[in-house]
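To start, the structure under review is shown below, and the notes come after it.
The values are calculated or read from the model by the stated rules, or taken from the named source; none is laboratory data. As the structure is a prediction and not an experimental result, all values here were calculated from the model. As a convention, Cβ positions derive from the backbone with ideal geometry for all residues, glycine included, and neighbour counts pool all protein chains shown. Ligands, DNA and RNA are excluded from the accessible area calculation, which covers all protein heavy atoms including side chains. Shrake-Rupley method; radii C 1.70, N 1.55, O 1.52, S 1.80 Å.
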Amino acid sequence: VDINPRDYRAWYGLGQTYEIMRMHNYALYYFQKATKLRPYDPRMWCAMGETFERLGRFDDAIKCYKQAEGNEDPEGTAILRLAKAYQKKDDNHTAAIYYEKVLKRRALEGNGEERRDNADALLFLAKHAKRQGDMQGCEKYCSRLLDIGGTVKDEAKSILMEMRMIARTIKDRGQSKE
C-alpha cells in the first residue's frame, strides 16, 4: 500500500488478511478502499458484503451484493449471497426470488449436475412453497432434491410426506362436511 496506494490488490489483500484474523472492522476499511479503486469489480463488492454480514449489517450487505450483481458478477456469487442475506433477515419472499434466480443461472450454465448451492436453494424453495401452501411447487423442488441424494434427499422425502398428509387431511375434512 505504501509503494502504490492505487493498487486495489493490496487493499483487497489486506482486507482478506483482516477477515482471516476476524478483525472485521479493519477488513471493512480495506475492502472499502479496494471498491473505491475498482468500483466495477463484483469481487470487491462481494467481499465487502460478506464482511457486513459478519458484522450483522444485512442491509449494507444487501446493497453491496446488489452492486456486485449490477456489475455482471461472472460467477453468480452475488445472487446467491443476496438470497442468503434476505433469508437471514427473514424476508423469505425476496429470498425465494433470488434463489429462483440462482437456479435459473445454474440452468443456463448447463453443466447438467446439481450443485450444493442448488441443493440449498431447492431446499429453501421447497420449504417456502410448503409454508405458502403451494403443493405443486413444493413437489417440483423436492423431486429435484431427490435426484441430488445425501441428507437433502431425506429432508425432501420428509417434506413430501408432510405435504401429502396435509393434503389428505384437507381432503378428509372436505368429505366429512358433505
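Tell me the trypsin sites (Lys or Arg not before Pro) within region 114-173 that lie in a loop according to DSSP and have at most 15 other beta-carbon atoms within 10 Å.
Within region 114-173, the qualifying trypsin sites (Lys or Arg not before Pro) (loop, at most 15 other Cβ atoms within 10 Å) are ARG115.
Rounded to whole Å, the principal axis extents of the Cα atoms in the chain read 81, 33, 27, largest first. Among the lysines of region 1-160, pairs at least eight places apart or on separate chains and with Cα atoms under 14 Å apart come to 12.
Shape analysis of region 46-120 places it in the prolate category; the axes a ≥ b ≥ c from the Cα gyration tensor give an a/c of at least 1.5, with a/b above b/c. All Cα-Cα distances of region 27-71, cut into 5 Å bins from zero to the largest, leave 6, 31, 34, 22, 6, 0 percent in each bin in turn.
In the assembled protein chains, LEU160 presents an accessible area of approximately 10 Å² (probe radius 1.4 Å). As an exercise, use a Förster radius of 35 Å and the Cβ-Cβ distance of GLU100 and ASP7 to find the FRET efficiency, rounded to the nearest 0.05. Efficiency, from the Cβ-Cβ distance: 0.35. Computed over protein heavy atoms with a 1.4 angstrom probe, the accessible surface ordering of PHE58, PHE52, largest first, is PHE58, PHE52.
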